[in-house]
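Notes follow the structure.
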Amino acid sequence: MVPIKKIWGVPTKDLNQAIHVKMEDLIRLDEEHWRVGENINHIKLLRKEDWDEKRKFKNICEGDLVLWMPKSTKITRGKFKLPWKGPYKSE
């Protein structure tokens, strides 16, 4: 039989104590995983707010020339494949 210490790294020969220690480690790991997920969501929200603050909106008036991309157009990779159509005059 392989000693428990070599399996889980727990310095004990008592199986119940080793299981208890391992379960506590798994619970702490799960809590830390949850905290990391919450932090990631918070950072994503902060980045979105920063992006939205820096974004400049362009007002399009009647008669301006605009480019148009149909919704059915698939965006393909390639330097010279532009999915835009136009220019068209806005109405």
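Since every read-out is calculated from the coordinates, none of them should be taken as a lab result. On a predicted model such as this, the values are computed, not experimentally measured, just so you know. Because the Cβ atoms are built from the backbone with ideal geometry, glycine has one as well, and the counts that use them run over all protein chains shown.
For trypsin sites (Lys or Arg not before Pro), the sites in region 9-73 that DSSP calls loop and that have at most 13 other Cβ atoms within 10 Å are K13, R55, K56, K58, K71.
A crude spin-label estimate for the pair N41 and N59, with each label 7 Å from Cα along the Cβ direction, gives 3.8 nm.
Spin-label model, E91 to E32: label points 7 Å out along the Cα-to-beta-carbon direction sit 6.1 nm apart.
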